[in-house]
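What follows is a single structure, written as structure tokens, with notes after it.
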Amino acid sequence: MSTAVAQPNIALIKYWGKQDEKLIIPATSSISLTLSGFPTTTTVTLNPETDHDRVTLNGQSIPPEGTGRMRRLLSWVRELAGSQQHAHVTSTNTIATAAGLASSAAGFAALAKAATMAYGVEISDRELSTIARLGSGSAARSVYGGMVRWNRGYDHDSSYAEPLQWKGQPLAFVIVQISGAKKQVSSGQGMTQTITTSPFYEGWVTSNQELVQQAESAIEHGDLARLGELTELSTMRMHASMLGAHPPLRYLSGESFTVLDAVTELRTQGHPVWATADAGPNIKILTTAQECEQVYHAICERFGHLTIFTSAIGQGVYSTSG
Ligand code: PMV
């Protein structure tokens with residue numbers, strides 16, 4: 001039995017679209033920050049007496065049709081271990097689901113770590129990130145703490161995540177939850193819809209790959225203003241590609257735009273704030289650890305009716321057992 005804990009990450013330079021659907025090889029590289037809050041804890045227990053894998057999520061047993069990607073990840077690890085044994089997975093999210101955060105990133109990073117340990121597979125963090133990727137692309141990035149780049153690559157081994165050195169001041173996020181409801185179109189479905197129907201998809205892929213390179217240079221120089229600017233560009237270009245789909249994928253709501261306006265206003269007033277959003281209406285505000293409290297209060301003042309969280313930047317996946 002092995003237990004691991006992982007935190008979600010928020011992409012600054014986004015991932016949207018796959019070159020390979022099965023192996024989850026992305027169309028572009030992406031760059032993220034791992035949060036210090038909202039952990040997922042996952043335990044994998046091997047059971048020699050069963051011929052199938054079982055999953056319990058937040059205390060509820062999940063039917064097999066809902067556990068395909070978890071079983072696929074377990075099969076991959078079983079093959080590496082040369083084992084026939086099946087497993088019971090129990091996973092608990094903290095408030096990540098309610099916060100509308102990518103709980104799947106933390107969940108699959110924790111599952112990859114707990115499963116490789118339970119099956120006795122000894123691998124590097126880089127290899128671990130490729131296994132986490134098989135569950136959910138963004139999970140590859142939650143293997144590491146801090147600033148992380150997921151290299152697009154072209155096959156299973158070359159599409160891995162690795163840590164980047166951020167030389168600027170300590171960072172933090174203020175997270176504005178506009179809705180905690182489950183999204184109507186999953187990110188996987190949304191990506192396929194964008195690839196197959198959006199005339200803007202190609203432009204998104206080409207321009208985002210350029211943004212990755214520009215962000216790497218900003219990160220090297222510790223240039224937060226430039227990194228923030230690139231974060232907003234990647235976010236808007238990703239949403240533009242989604243809006244071009246047929247039917248249009250409109251993940252942002254009217255209130256998302258109101259919060260985006262408030263972020264621009266705060267920046268005009270001199271606060272170091274830049275906004276990003278994923279496949280949902282919630283807005284994540286990148287800021288400095290030093291200004292986080294002030295930004296939190298400024299946002300609460302304007303949006304007192306919404307749930308607002310803060311998070312520092314955290315560590316990568318870790319084991320809490322043997
Ligand atoms: O890993 P997935 O399938 O949950 O996709 C995540 C995609 C975005 O959150 C929208 C962007 C990103 O890079 O995290």
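Counting only protein heavy atoms and a probe of 1.4 Å, the accessible surface of the chain is 50% carbon and sulfur.
Among LEU134, LEU260, LEU12, the largest mean-square fluctuation in a Gaussian network model of the chain (Cα springs under 10 Å) belongs to LEU260. Once you reduce the range 34-70 and the range 153-210 to the center of their Cα atoms, the two points are 24 Å from each other. Of all aspartates and glutamates in the structure, those lying under 16 Å Cα to Cα from LYS22, and not within fewer than 8 positions of it along the same chain, are ASP155, ASP157. Spin-label pair TYR154-GLN85: with each label point 7 Å from Cα along the Cα-Cβ axis, the two points sit 3.9 nm from one another. Put simply, the amide H of THR310, placed in the peptide plane, has neighbours under 5 Å in ILE175, leaving out anything fewer than 5 places away on its chain. The dipole here belongs to the range 5-58: it is taken about the Cα centre, uses +1 on the Cβ of Lys and Arg and -1 on the Cβ of Asp and Glu, and is about 320 debye.
Net charge near MET191: determine it from the other residues with C-beta under 10 Å of the C-beta of MET191, scoring Lys and Arg +1 and Asp and Glu -1. Combined, the nearby Lys, Arg, Asp and Glu give 0. Modelled label positions at ASP261 and GLN209, each set 7 Å beyond Cα in the direction of Cβ, lie 3.8 nm from each other.
Helical content of the chain, expressed as a calculated mean residue ellipticity at 222 nm, amounts to -12000 deg cm²/dmol (DSSP H runs of 4 or more residues, -39,500 (n - 2.57) each, divided by residue number, nearest 500).
Under the convention that each Lys and Arg Cβ holds +1 and each Asp and Glu Cβ holds -1, the size of the dipole of the range 195-322 around its Cα centre is about 280 debye. Spin-label pair ALA240-SER36: with each label point 7 Å from Cα along the Cα-Cβ axis, the two points sit 3.6 nm from one another. According to the Kirkwood relation over distinct C-alpha pairs, the hydrodynamic radius of the range 46-162 is 14.6 Å. Under Stokes-Einstein, with the Kirkwood radius over Cα pairs as Rh, the value for the chain at 20 °C and 1.002 mPa s is 108 µm²/s. Between the listed residues PRO48, SER104, ILE131, the Cα displaced farthest toward the positive end of the dipole of the chain, a dipole computed from Cβ unit charges relative to the Cα centre, is found at PRO48.
The values are calculated or read from the model by the stated rules, or taken from the named source; none is laboratory data. These figures come from a predicted structure and were not determined experimentally. Ideal geometry is used to build each Cβ from the backbone, glycine not excepted, and the neighbour counts take in all protein chains shown. Quick note on the areas: whole protein, heavy atoms, side chains included, nothing else; ligands and nucleic acids left out. Shrake-Rupley method; radii C 1.70, N 1.55, O 1.52, S 1.80 Å.
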